[in-house]
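Below: the structure, in structure tokens.
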């Protein structure tokens, strides 16, 4: 289930008392954890198997003691205890056993659980949020590699202030009576960010200069011009890729090499007809690619021209489908 972007917290002044719960928005990798007959399977939002990448979670079946499906976010905490997507990047990209072992030793992860879809053979997605949350808390999932973060009911402004003070992404507000809608984006879940940043689709790249001559200098990114929701399980329906600007800052050598390999695999060509954008300006030297690669970008704001001001690359995302990337603010 996906949250709808919002610019303000929902009103919570109904005559019957609080109608919304407010959770911290975690800056990490969304996963579903399925435990069946003592075996664990982790899947990303894009449906990719992520089990082998996070051996720290192997003890979850024993902690649960029953079959279950949980929804959560895997995060990498910095020395200040704040999730860092940059720190999580090597863990997301690790594929070989040796790379997984090395990155796990360098940066352990923690999964923040926030929902239950099934437990002990029973589908609980049809239960209201309050009952699913109560079940999650009864599971008492707390340990070095997983936690059940607290939730604030009816006090969204305090939660948003806490998120800002702690350096977190923002808050996800959830209606107390909402059921869980797998694969759907719903207004019953709303996300409000305290910092500007989101995913973008890479449509091409520009070569660098000097020491980067012939190599990746900056990414050309965009988002799908989409309706807010199709009501289907596939999310927004893309109507075309809108140009959002160039992103060159924040790409270190390790990320540059990984990006170059990923971009070469989806390369289209260097003519204007190869561009996936509806509205990209003339960019001499641009190399266009199929719009399949998703990256995370932090930025200061959107300009009046509709491009990013002071964007900074934060990492690649193979856990989010490119077709779901739309402008959030």
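All of the numbers you see were taken from the coordinates with simple rules; none came from a lab. The structure displayed is predicted, hence computed values, not measured ones. Positions of Cβ are backbone-derived with ideal geometry, glycine not excepted, and every protein chain shown enters the neighbour counts.
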Restricting things to alpha carbons, find the Rg to Rh ratio for the chain using the Kirkwood radius for Rh. 0.97
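For residue 120 and residue 37 in the same chain, what is the full-extension length gain: residue separation times 0.36 nm, less their Cα-Cα distance, in nm? Show your work: numbers first, answer last.
Numbers: separation 83, 0.36 × 83 = 29.88 nm, distance 1.03 nm.
That works out to 28.9 nm of additional length.
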Cα-based Rg and Dmax for the range 86-201, where Dmax is the largest Cα-Cα distance (Å): 16.8, 46
Taking the range 2-193 and dividing mean pair separation by its residue count, relative contact order in percent (alpha carbons under 8 Å, at least six apart): 33
If I fit a long axis through the Cα atoms of helix 253-265 and take the longest principal axis of the Cα atoms of the chain, what angle between them do I get, 0 to 90°, rounded to 10? 80
Inverse of mean 1/r across different Cα pairs in the range 26-96, Kirkwood, Å: 12.8
Expressed as a whole number of Å, what is the distance separating the alpha-carbon centroids of the range 125-191 and the range 280-329? 28
Can you give the convex hull volume per residue for the Cα atoms of the range 252-293, as a whole number of Å³? 85
Taking only C-alpha pairs under 8 Å that are 6+ residues apart, what is the relative contact order of the chain in percent? 19
The range 197-324 - Debye-derived log10 I(q)/I(0), Cα point model, q = 0.18, 0.23 Å⁻¹: -0.97, -1.56
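Pairs of Cα atoms under 8 Å, at least six residues apart: use those to get the relative contact order of the range 197-324, whole percent.
Details: 269 pairs, mean separation 38.4, N = 128.
30 percent.
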Helix-only estimate, please: 222 nm mean residue ellipticity of the chain, summing -39500 (n - 2.57) across DSSP H runs of length 4 or more and dividing by its residues, to the nearest 500. -5000 deg cm²/dmol
Provide the percentage of antiparallel DSSP beta bridges, counting only those with both residues in the range 233-321; round to the nearest 5. 90
Taking the Cβ-Cβ separation of residue 258 and residue 66 as r and a Förster radius of 45 Å, what is the calculated FRET efficiency to the nearest 0.05? 0.70
On Cα atoms only, tilt of 129-138 relative to the major axis of the chain in degrees: 80
Classify the range 1-157 as rounded, prolate or oblate from the Cα gyration tensor: take a ≥ b ≥ c as the square roots of its eigenvalues, call it rounded if a/c is under 1.5, otherwise prolate when a/b beats b/c and oblate if not. oblate
What angle do you read, to the nearest 10 degrees and between 0 and 90, between the alpha-carbon axis of helix 156-166 and the longest principal axis of the chain? 60
Kindly work out what percent of the DSSP beta bridges joining two residues of the chain are antiparallel, to the nearest 5. 90
